[in-house]
Amino acid sequence: MTLEQHISSLAKSAVKDLYDVEATDAQIQLQKTRPEFEGNITLVVFPFVKLARKAPAQVAAEIGEELMKSELVAKYNAVQGFLNLSISDAFWVEQLRAIDADEHYGRFERPSEKALPFKEGEGVGSPLMMVEYSSPNTNKPLHLGHVRNNLLGYSIAKIQEANGWKVVKTNIVNDRGIHICKSMLAWLKFGNGETPESSGKKGDHLIGDYYVRFDKEYKAQIAELTAKGMDEETAKREAPLMLEAQEMLRKWEANDPEVRALWAKMNEWVYAGFDETYKRMGVSFDKIYYESNTYLEGKSEVEKGLASGAFYRREDGSVWADLTKDGLDEKLLLRSDGTSVYMTQDIGTAKLRFQDYPIDKMVYVVGNEQEYHFKVLSILLDRLGFPFGKELVHFSYGMVELPNGKMKSREGTVVDADDLMDKMVSDAREISKDKVNTLQGITEAEADEIARKVGLGALKYFILKVDPRKNMLFNPAESIDFNGNTGPFIQYTYARIQSVLRKSVSPKDGLSSVSDSGLSAEGGLDAKELALIQRLCEYPAAVRTAGDEFSPAVLCNYAYALACDFNSFYHDLSILNEPDEQKKTLRLLLSANVAKILKSAFGLLGIEMPERM
């Protein structure tokens, strides 16, 4: 039972005994005591003032005296209609024991309303949430924008699992369309048979180079046409490269064997590159869908909508949805040549997903520039008769910006994900050289592994600590700092605790017997000890809030606050040299559980903890 539940129960009994009133849950209003007052938790007594027919301060004092009869409340102070309660040290020690004994502390169960099995034979379980993230195009490697998307998506999935959901992590690979044909055409014209093996490049990087090459040659053709007197918009449409790319797309949709063979070969190169990047980034998927498989389902549904009158065909043969009654505009669903657009694909993908899984909640982790797209998708699915249409959730996050402006894939001005991870790990390795005394006795391979965890931890934390709905400015130098609100600072705190536990007489593996020992609050808790235990008790609420708000930043803020509290405790109080064995044991147990919760929180963020730094 939480502190809030304890106090709520006691307060109801007190109100009943004092005023013969059955207090409702809504009337029991609890909040954290403001820092300028003494206390741990505050009961708002205004709901009972009229019933008691007394002044607020008197009501607060009366309820306080009644609560003092419980061993839970050590003392109180009344400020007008606010009753500030100081909780007994014994309660906090019991809470610490409970945290230490609970292997799943901070995790919840969430019964399924549908009571549908996740897999045959697995039985009835938690409700099912599908989280889509990544959604790369196979014409370029992953970049910094994809990094934020993947880290948010993976962390949201882990957080929702902790909140009792079954989660299917899914990816839709945009492996067809005009942008793919641009890379293919450029490789055919300028590649001279280059392969990942012959070039020594990752496949996604190789194909990305040809996407940039297409744009370069295409712009040159536009300039040539405009120099001959053609207006720019016409030149963009009539440039030979664009016409060839459009013809290639038509051939692809017509299953031309040569185009399809080239497409399959080049996509395989890209997939191998993606897999390597995903593995290094520490993200994964349970199911991958491909636009090349789902767009036909979407076209079929659009044709049905056309037949039913939900959509209409224009004179040029294109198919549209009129959304003006929904406060939007008209949306293209099929081009005049019969080729599909992104919306067509997303309709088909949604249909297949709900056929494949008993989804209770579908979450799309996609940037805020696509808010219009998902409003339209929801309306179209509903108009097509899919019951889940209105229930889709677009988790809209802000863009990652650079000091010198936005990234542009066509122009090759992106921050490549692989290069970024290389740089972060390299920077961490350089910084570790300045801390050689703390890393004595480790091998070169161990030092490299620490640098990998710290470098990637710095990157992940820097991105995830920002409110996901806000745009952010990425600064690698700030992220790798070992001071302040950074991943390395929190990782260093964890490693510091591990060092203390290794030096202790009873390392963590031997501390499990503490809960059965004579550990008590005799002699009282130091303010720093109390602050740490209270912070540990806030972890489940942080996990719950992070899940409700779809915000990994909540856990980042919590972990940082916990690390700050521990470092203050560590600075002011002796642990290993404490002469009082009971206090020493308490502080070791407290330290071990701070490490446990830091590791748990970072695990939900997809960040690894180094045992030494």
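The values are calculated or read from the model by the stated rules, or taken from the named source; none is laboratory data. Remember, it's a predicted structure, so these values are computed and weren't measured experimentally. Cβ placement follows ideal geometry from the backbone for every residue including glycine, while neighbour counts extend to all protein chains displayed. Surface accessibility is based on the protein's heavy atoms, side chains included, excluding ligands, DNA and RNA. Shrake-Rupley method; radii C 1.70, N 1.55, O 1.52, S 1.80 Å.
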Legend entry - Point-charge dipole on Cβ atoms (K/R +1, D/E -1) for segment 117-239, about Cα centre, debye to 20: 180
Legend entry - Total charge dipole magnitude, segment 214-316, about the Cα centre, Cβ charges on Lys, Arg, Asp, Glu only, Debye to nearest 20: 220
Legend entry - Label-point separation, Glu258 to Asp526 (7 Å along Cα→Cβ), nm: 7.9
Legend entry - Cα-centred dipole magnitude for the chain, charges only on beta-carbon of K, R (+1) and D, E (-1), debye, nearest 20: 320
Inset, instruction - List every residue whose amide H lies under 5 Å from the amide H of Val173, counting only residues 5 or more places away in sequence or on a different chain, with H placed 1.01 Å from N in the peptide plane. - result: Tyr289, Tyr290, Glu291
Inset, instruction - Would you work out which of Gln27, Leu152, Leu576 lies farthest towards the positive end of the dipole of the chain, given +1 charges on the beta-carbon of Lys and Arg and -1 on that of Asp and Glu, about the Cα centre? - result: Leu152
Inset, instruction - Would you kindly find the accessible area of His179, with a 1.4 Å probe and non-protein molecules such as ligands, DNA and RNA excluded, rounding to the nearest 10 Å²? - result: 20
Legend entry - Cβ-based charge dipole, the chain, positive-most Cα from Phe91, Asn40, Leu525: Asn40
Legend entry - Charge-dipole axis of the chain as Lys and Arg at +1 and Asp and Glu at -1 on Cβ define it, positive-most pick from Val212, Gln246, Phe482: Gln246
Legend entry - Convex hull volume per residue in cubic angstrom - Cα atoms of segment 166-242: 117
Legend entry - R0 of 45 Å, Cβ-Cβ distance Glu611-Glu36: FRET efficiency to nearest 0.05: 0.65
Inset, instruction - Sort out for me the Cα centre separation of segment 230-245 from segment 61-107, rounded to whole Å. - result: 73
Legend entry - Accessible surface, 1.4 Å probe, highest first, among residues Thr170, Thr2: Thr2, Thr170
Inset, instruction - Can you check how the C-alpha radius of gyration of segment 551-613 compares to 2.2 N^0.38 Å, as a plain ratio? - result: 1.26
Legend entry - Mean residue ellipticity (222 nm) of the chain, computed from DSSP H runs ≥ 4 via -39,500 (n - 2.57), nearest 500: -17500 deg cm²/dmol
Legend entry - 5 angstrom amide H check on Asp286, placed H, neighbours 5+ away: Lys169, Thr170
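Obtain the radius of gyration and the Kirkwood radius of the chain from its C-alpha atoms and give Rg over Rh.
Taking Rh as the inverse mean 1/r over Cα pairs, Rg/Rh reads 1.06.
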Inset, instruction - For Thr324, Thr195, write out the residues from largest to smallest accessible area, computed with a 1.4 angstrom probe and no ligands counted. - result: Thr324, Thr195
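Return a whole-number percent for the relative contact order of the chain, with Cα pairs under 8 Å and 6 or more residues apart as the contact set.
Details: 943 pairs, mean separation 85.5, N = 613.
Taking the mean separation of contacting Cα pairs over the length of the chain, I get 14 percent.
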Inset, instruction - Note the full-extension length gain between Thr443 and Ala223 as 0.36 nm times their separation in residues minus their Cα-Cα distance, in nm to one decimal. - result: 73.4 nm
Legend entry - Listed pairs Lys201/Lys265; Lys182/Lys423; Lys236/Lys299; Lys158/Lys599; Lys390/Lys465 exceeding 19 Å between Cα atoms: Lys182/Lys423; Lys236/Lys299; Lys390/Lys465
Inset, instruction - Kindly sort Leu473, Leu3 by accessible area of their heavy atoms, largest first, with the probe set to 1.4 Å. - result: Leu473, Leu3
Legend entry - q = 0.09, 0.10, 0.21 Å⁻¹: log10 I(q)/I(0) that the Debye formula gives for segment 155-293, counting C-alpha atoms only: -0.38, -0.46, -1.23
Legend entry - Modelled FRET efficiency - R0 45 Å, Glu578 with Asp467, Cβ distances, 0.05 increments: 0.65
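In units of 2.2 N^0.38 Å, what is the alpha-carbon radius of gyration of segment 1-119?
Numbers: Rg = 17.3 Å, N = 119, 2.2 N^0.38 = 13.5 Å.
Relative to the 2.2 N^0.38 Å estimate, segment 1-119 comes out at 1.28.
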Legend entry - Alpha-carbon centroid distance for the pair segment 260-330 / segment 169-221, whole angstrom: 20
Legend entry - Rounded to the nearest 10 Å², the accessible area of Glu253 at probe 1.4 Å: 30
Legend entry - Pair Asp231, Arg502: separation of 7 Å Cα→Cβ label points (nm): 7.2
Legend entry - Förster radius 41 Å - calculated FRET efficiency between Ala90 and Asn368 (Cβ-Cβ, nearest 0.05): 0.25
Legend entry - Accessible surface of Ile178 - all protein chains present, 1.4 Å probe, nearest 10 Å²: 50
